[in-house]
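Just below is one structure, and these are the notes that go with it.
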Amino acid sequence: MTKQKAAPRFLNLLAIRLPPGGVASIGHRISGVLMFLSIPLFAWLFALSLQSADGFDRAAAWLHTPPFRLLSLLLVWSLSHHLLAGLRHLLLDVDIGVDKARARASARLVNFGALALAALYAGSMLL
Amino acid sequence: MSRAAQGLRAWLMQRFTAIYLAVYFISVLFVYLRAGDWDYPAWRAWMGSPVMGVATVLFSVGLLLHVWVGVRDVLIDYIHVVWLRLLLMATTGLVLAASLLWVLRALGLAALAGGG
């Protein structure tokens, strides 16, 4: 009698090739969590900017520091991806673009569209 | 309310808030960028105006609800240790509530200053 092998555990994340819809989906989650984590920081900055003329200048100065520029690039990607993927989700909810070919195409549009918007933002920062 | 209805309520809430957040964000960004250079008096007058005040309070509350439903889903999917999940959910609620109150306070003060 042959001994049954244990079920293979395959959790090498780098070896898993997600389809475009899977990338759009996990990107939606990651971008949402990133924006959530940045809420306290931006609530504080928003309040600081409204507090006084001095606070306004300090908030603007913070926004122009290199770490904030890097963070803002990450958040522009997050926002773009989250917005596009969310829009795709809403359209799928009302049965628009549900067939496989169109769902894959719209997922690619979301994934690359968000990266393109982030690249555009990075370019505008360098000007 | 049954568990199924609770799920439906969260599902609907996520979609309604998503639509408002998207409309607010895109229109406010458009107005902000069109106006060009901002200084403190213009910025405070804008945020202190009744229309922006009400729209921004709605945005902040909608954002809190949207984030709460989303983060809760993520925590339920990935965190299976019950006490840790509850701790993270409580922390999320606290962080969101504190941020919301801080923004509301700033908006209220700007509205008062704008009226005077």
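The values are calculated or read from the model by the stated rules, or taken from the named source; none is laboratory data. Since the structure is predicted, the reported quantities are computational estimates derived from the model, not experimental observations. Note that we place each Cβ from the backbone using ideal geometry, even for glycine, and neighbour counts take in every protein chain shown. Just the protein is used for accessible areas: all its heavy atoms, side chains included, with ligands, DNA and RNA removed. Shrake-Rupley method; radii C 1.70, N 1.55, O 1.52, S 1.80 Å.
Going 7 Å from the Cα of B:Tyr78 along its beta-carbon direction, which residues of the stretch A:17-32 have the amide nitrogen within less than 13 Å of the resulting point? A:26-32, by backbone N distance to the label point. The HN-Hα couplings worked out from phi for the stretch A:113-127 by the Karplus form 6.51 cos²θ - 1.76 cosθ + 1.60 (θ = phi - 60°) are x, 5, 5, 5, 5, 5, 5, 4, 5, 4, x, 5, 6, 6, 6 Hz, whole numbers, x standing for Gly and Pro. Calculate how steeply helix B:50-78 sits against the longest principal axis of the alpha-carbon atoms of chain B, using the helix alpha-carbon long axis, and give the answer as 0 to 90 degrees to the nearest 10. For B:50-78 against chain B, the angle is about 20 degrees.
Could you please state how large a percent of the accessible area of the stretch B:3-114 is carbon and sulfur, counting protein chains only and using a 1.4 Å probe? Looking at the stretch B:3-114 in its full context, I get 76 percent from C and S. Rolling a 1.4 angstrom probe over the protein heavy atoms with all chains in place gives the stretch A:20-126 an accessible area of 56 Å² per residue. A simple spin-label model places the labels of A:Leu74 and A:Val98 3.8 nm from each other, with each point 7 Å out along Cα-to-Cβ.
Excluding ligands, DNA and RNA, what is the accessible area buried between chains A and B, summed over both sides, using a 1.4 Å probe, to the nearest 100 Å²?
Details: alone 9810 and 8370 Å², together 16130 Å².
Buried: approximately 2100 Å² between B and A.
Between the Cα long axis of helix A:53-63 and the first principal axis of chain A there is an angle of about 30°, rounded to the nearest 10.
For chain B, what is the mean residue ellipticity at 222 nm derived from helices alone (per DSSP H run of n ≥ 4: -39500 (n - 2.57); sum divided by total residues; nearest 500 deg cm²/dmol)?
On the way: 4 runs with 104 residues, N = 116.
After summing the helix terms and dividing by residue count, I get -32000 deg cm²/dmol.
Shielding of B:63-74 by partners, i.e. mean partner chain Cβ atoms within 10 Å per residue?
Numbers: counts 3, 1, 0, 3, 5, 1, 0, 7, 5, 0, 2, 5.
Averaged over the peptide's residues, the number is 3.
When N counts the residues of the stretch A:20-126, how does its alpha-carbon radius of gyration compare numerically with 2.2 N^0.38 Å, as a ratio? Please report the intermediate quantities before stating the final value.
Values: Rg = 16.8 Å, N = 107, 2.2 N^0.38 = 13.0 Å.
Relative to the 2.2 N^0.38 Å estimate, the stretch A:20-126 comes out at 1.30.
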